[in-house]
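Each remark here refers to the structure printed beneath this line.
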Amino acid sequence: MKLPICGFDAKNAVLCPQCEGKVEAGILSKADVDASIILAKIAKSNSEIESFSLYSCKEFDGNFVLSLAKNDIMIIRQSRTLYRTLQEKFKGKIWLVEADETDKKFIEDLFFPTKILSINSVWAPGGVQKTKAVVSGKWTPRFPIDTEKVVQIVKNARNLDIEIEFEDKR
C-alpha cells in the first residue's frame with residue numbers, strides 16, 4: 001500500500017519524527033494522516049485495499065476528497081460493500097478522484113455516476129476563471145449528487161468558480 005505517511009505509522013496510528021516533521025511543515029495535512037490510518041486499518045481485514053495508492057486526502061466541512069490511483073477508484077466503484085466500508089470509517093462523505101488529474105477530470109470524478117455533457121472554462125477580466133458544467137438530466141430532490149458540496153469542493157480544492165446547469169434531453 002502506498003500512503004502519504006509511512007506504512008508503519010499508518011498501521012500503528014503514531015507518527016514517526018520524519019512524518020511528524022512533514023505535518024508541521026505543511027507538506028502533509030491532518031486529513032492525509034487520518035485517511036492513511038483508516039485505509040491501513042481497513043486493509044487488515046480487506047486484501048483488496050492492500051494494493052491501493054493514496055496520494056492525498058483533503059477535508060472540507062466533513063467531505064473527504066481521496067486522491068487515489070485510477071485502478072483503485074475502479075475497484076471501489078465496482079464493489080458496493082467496499083464503498084460502504086470506506087464510507088462508514090470516514091466521519092463524513094467520501095469523494096473519489098484520480099491523483100494528478102486535469103480540472104475537467106476532477107469535476108467528472110466528483111459527479112460520478114452522473115453523466116457530464118460538457119465542461120467549459122472561460123477567463124474573465126482580472127484573471128478569474130469561470131467554469132460551467134452541464135449535467136445530464138434534471139435536478140430533483142433525489143438527485144444522487146449534492147451539487148452544493150461539489151461547488152464547494154471544487155472551489156476549495158482547485159480554486160475554481162463553477163456553475164452547474166442541468167439539461168434534460170427527453
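The values are calculated or read from the model by the stated rules, or taken from the named source; none is laboratory data. Just so you know, these numbers come straight off a predicted model, no measurement behind them. We place every Cβ from the backbone using ideal geometry, glycine too, and count neighbours over all the protein chains shown. Ligands, DNA and RNA are excluded from the accessible area calculation, which covers all protein heavy atoms including side chains. Shrake-Rupley method; radii C 1.70, N 1.55, O 1.52, S 1.80 Å.
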(request) Provide a single number: the residues in region 59-87 that are touching a residue at least 60 places away in the same chain (Cβ under 8 Å) and open to solvent by 70 Å² or more (accessible area, probe 1.4 Å). (result) 1
(message) Please go through region 134-168 and give me each residue that is at positive phi and either within 22 Å of the chain's Cα centre (by Cα) or loosely packed, with under 12 Cβ neighbours inside 10 Å (or both), ordered by number.
(response) Asn159
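Of all residues in region 88-133, which are of a type in the set (Gly, Ala, Ser), surrounded by fewer than 17 Cβ atoms within 10 Å (Cβ to Cβ) and over 11 Å from the mean Cα position of the chain (by Cα)? Spell out the reasoning first.
To start, the set of residues in region 88-133 that are of a type in the set (Gly, Ala, Ser) comprises 92, 99, 118, 121, 124, 126-127, 133.
Narrowing the set further to residues that are surrounded by fewer than 17 Cβ atoms within 10 Å (Cβ to Cβ) leaves 92, 99, 118, 121, 124, 126-127.
Within region 88-133, Gly92, Ser118, Ser121, Ala124, Gly126, Gly127 meet the criteria.
Here is a list: Asp32, Asp9. Which entry is touching a strand residue (DSSP E or B) at 6+ places or on another chain (Cβ under 6 Å) and without any contact (Cβ under 8 Å) to a residue 40 or more places away in the chain?
Working: Asp9 fails: touching a strand residue (DSSP E or B) at 6+ places or on another chain (Cβ under 6 Å).
When all the criteria are applied, what remains is Asp32.
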(request) Could you grab me the full set of residues in region 5-54 that are open to solvent by 50 Å² or more (accessible area, probe 1.4 Å), hydroxyl-bearing (Ser, Thr, Tyr) and closer than 21 Å to Lys91 by Cβ? (result) Ser45
